[in-house]
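Worksheet for the structure shown next.
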Amino acid sequence: MSEKEHIITPEMFDHLVKLAALELDEEQAAYLRRELNLQLSAIRELAAIELDADIPAALHGVPYDAGSRPPLRQDAWQACEEAEAIMRQAPQFESGYLVVPDIPHITLE
Amino acid sequence: MSICDLSAIEIRKLLLRKELSAQEVLESCLERIQVVDGRPGALEPAAITPEDERCVHAFITLTTKMARAQAAAVDRKIASGEEPGLLAGIPFTVKDIFCVKDTPSTAASRILANFTAPYSATPVERMLAAGGLMLGKVNLDEFTYGSSSESSAFQPSPRNPWQTARVPGGSSGGSAASVAAGEACLSLGTDTAGSIRQPAAFCGVVGLKPTYGRVSRYGLIAFGSSLDCPGPLARSAADAALMLQAIAGADARDATAARREVPDYLAELEKNIRGKRIGLSPDYFQITYPQADTGEYQQQPLPQEMRAAVLHAAQVFRSLGAEIIEDVPMPNTRYGIPAYFVISRVEAASNLHRFDGVKYGYRTTQTVNELQQLYRKSRGEGFGVQPKLRILMGMYVSAAQYSEQYYRRALRVRTLIRRDFEAAFDPAGRYRLDALLTPTTPTTAFPIQDVYGDSVLMQYADQLTVPANHAGVPGISFPGGLDGEGLPIGLQLLAPDFCEATLLQLAHAFEQATIDEEWRQRKPQVLEGR
């Protein structure tokens, strides 16, 4: 792995910011890019570990067996008692609808 | 000593004997809060005053009215001879990362500052059903992202009751500080990389990270969904056992909450520890630090005082009949933080996508013309730098072109970390440990603003606690002494899956055996003269 692959360039950073749906001022952007690159140098340590091909990925530490895992719920409709309280949390809410600004139409490539 | 300084176990006994009322207990805690806590954390910026510097600032929200109604109900039950519940009349605080119905549930973030939860998290619901008195919601690092509680959007952030110029640790800093200062007997925290154990160590209290799945995560505002564990902070192992008894167990609303029997933790507590096999690993006596000037990572020996405290505890356990097994290899400990930088960020980024200024929480007040702009401005203004850092890193390391090299590799390293524990605890293996004894943290509590801003150095504060989160195994931090500056040193015990009873039993045995040691007579700075 080359050194270059471990650096988040300003262009890559701007792309990430856009994907993350964030808006940053210059000072924040500079701080965040610097910290991301410092974190990447810590992560680099992982690349040096010898991993045998048979080592699986662990999505969680504790194994789940059938006895400890709760059964799946019935696929049945349940009333939500707090529906109104949940809707009241919306910043803008009208006649049962969440109100948002225009959603621009994008032509998919 | 005031009523609020009594243990939960003592309070329960006195209440059941009708020698004390729940309302008296509550008023004692409220008085303590009045004296030591100072102004609660708030979004509005205000200069830190000398008075602020002397206070604990554990709280964001006080729920006094609710607590008084709960206390009156407990007293009525006791008077009428009804069973009042396991936590009857015991005051507790809740890290403000849990939803509590009709209560502001902020995650210490501007983006949720106006959010009032429409339902309660399962562990909170269980504590209330058991008769506990909820005093309020306590401060933390924003969305739990930190190890000092300084990243909270609600300032002043919590301070360490032992020395208020020091951090209380984090992210459950408000929880640990509120318990250490006698504002509450118990607190409900969460631990994703050490966020219960590290602040417990810094504040001289007991903090238990249960096995992943032992306590339901329903109603917990998620950080790293495969790592997050709710658990107790308390002033003794017995109090932590009492609280765990109330909150542990299966929950139909959380598919990861294990359907395993919950033992009688209090009954287990008093068992003899003779014959228990307790391990020491050289890999927990080395710490890794990034060098500020070169950026290189170096391993250093653990500070002498921390090492001496661990060896003293080993000696105490040996004197109680436990067998100490030295040189247990845990070679992948040092990869805990690098793997965590990847796994936790991917999970955090995924969990934070829901905050968009549409469904709940903060929405920009600027005029916007289209939805994407609304998202960007609401998230840009609502999130602090720590959530933004996690979102960006999570997206980078899980991007299609980097996922194999970073995310998938980190998950495979996680397997290695888990295997270290499996080998150490294997009943048919070479070491056959009941528990591994380590320091909880590389240092004692550091000064406020000393580390904050250096996201790498801050993360390395969790290097001795995070392996247990990767592996899912339970861990407890308990006070093991004071350093030369009078700051608490935390000791950690780690055990096989679902062996919380062993951890509580060992910590309790250590407490009993060291009850007369000089350091146990010392009090936090904010309680001197009380």
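Selection of first residues in the stretch B:113-136 that are assigned by TED's automatic domain parsing to the domain that holds B:LEU86 and on the phi > 0 side of the Ramachandran plot and of second residues that are aromatic (Phe, Trp, Tyr) and outside any helix (DSSP H, G or I), restricted to Cβ pairs under 6 Å at least 6 apart or on distinct chains, gives the following pairs, ordered by first then second residue: B:GLY136/B:PHE59. Residue-level check: of (1) in a loop (DSSP other than H, G, I, E, B); (2) facing chain B (nearest Cβ under 7 Å), A:GLU50 misses just (2). Taking the conditions exactly as written (without any contact (Cβ under 8 Å) to a residue 60 or more places away in the chain and among the small types (Gly, Ala, Ser)), does B:GLY453 satisfy them or not? Yes. Picking from residues in the stretch B:408-464 that are more than 9 Å from chain A (Cβ to nearest Cβ) and aromatic (Phe, Trp, Tyr), the one that is surrounded by the most Cβ atoms within 10 Å (Cβ to Cβ) is B:PHE425.
From the list A:GLN78, A:GLN89, A:GLN74, the one residue that fits, being on the phi < 0 side of the Ramachandran plot, among the polar types (S, T, N, Q) and surrounded by 13 or more Cβ atoms within 10 Å (Cβ to Cβ), is A:GLN89. Taken over the stretch B:360-373, residues that are surrounded by 15 or more Cβ atoms within 10 Å (Cβ to Cβ), assigned to a loop (DSSP other than H, G, I, E, B), of a type outside the set (Phe, Trp, Tyr) and facing chain A (nearest Cβ under 7 Å) amount to 2. Of all the residues in the stretch A:17-34, those that are surrounded by fewer than 20 Cβ atoms within 10 Å (Cβ to Cβ), within 24 Å of B:LEU457 (Cβ to Cβ), aliphatic (A, V, I, L, M) and at the interface with another protein chain (Cβ under 10 Å from one of its Cβ atoms) number 1.
The residue of the stretch B:379-404 that is farthest from the other protein chains (Cβ to nearest Cβ), among those that are in contact (Cβ under 8 Å) with a residue 40 or more places away in the chain and among the basic types (Lys, Arg), is B:ARG390.
Looking at the stretch B:330-353, is at least one residue assigned to a loop (DSSP other than H, G, I, E, B) and among the polar types (S, T, N, Q)? Yes: the stretch B:330-353 contains one or more residues that are assigned to a loop (DSSP other than H, G, I, E, B) and among the polar types (S, T, N, Q). Of the helices (runs of 4 or more DSSP H) lying entirely inside the stretch B:379-459, the ones with 1 or more residues being in contact with a Gly (Cβ under 7 Å, 6 or more places away or on another chain) and farther than 30 Å from B:GLY484 by Cβ are found at B:385-398, B:409-425. Filtering B:ALA193, B:ALA165 for residues that are surrounded by 24 or more Cβ atoms within 10 Å (Cβ to Cβ) and over 21 Å from B:SER2 (Cβ atoms) leaves a single hit, B:ALA193.
Checking each residue of the stretch B:83-97 against the condition of being over 21 Å from the mean Cα position of the chain (by Cα) and over 17 Å from B:LEU186 (Cα atoms) gives at least one match.
Does A:MET12 fit the bill of being surrounded by 11 or more Cβ atoms within 10 Å (Cβ to Cβ), touching a strand residue (DSSP E or B) at 6+ places or on another chain (Cβ under 8 Å), more than 7 Å from every other protein chain (Cβ to nearest Cβ) and free of Cβ contacts under 8 Å to residues at least 24 places away in the same chain? No. In the stretch B:343-356, is there at least one residue being more than 28 Å from B:ARG390 (Cα to Cα), more than 11 Å from every other protein chain (Cβ to nearest Cβ) and basic (Lys, Arg)? No, the conditions are met nowhere in the stretch B:343-356. When residues in the stretch B:110-135 are screened for being within 18 Å of the chain's Cα centre (by Cα) and part of a loop (DSSP other than H, G, I, E, B), 1 of them pass. On the stretch given as the stretch B:317-333, residues that are touching a residue at least 24 places away in the same chain (Cβ under 8 Å) and surrounded by fewer than 19 Cβ atoms within 10 Å (Cβ to Cβ) total 9. On inspection, B:ARG376 qualifies as at the interface with another protein chain (Cβ under 7 Å from one of its Cβ atoms) and over 28 Å from the mean Cα position of the chain (by Cα).
Is it the case, given these coordinates, that B:VAL25 is within 30 Å of B:ASP356 (Cα to Cα), of a type in the set (A, V, I, L, M), buried (at least 16 other Cβ atoms within 10 Å of the Cβ) and in contact with a strand residue (DSSP E or B) (Cβ under 9 Å, 6 or more places away or on another chain)? No; evaluated as a whole, the condition is false for this residue.
The values are calculated or read from the model by the stated rules, or taken from the named source; none is laboratory data. Since the structure is predicted, the reported quantities are computational estimates derived from the model, not experimental observations. With ideal geometry, Cβ positions are generated from the backbone for all residues, glycine too; neighbour counts draw on all protein chains shown.
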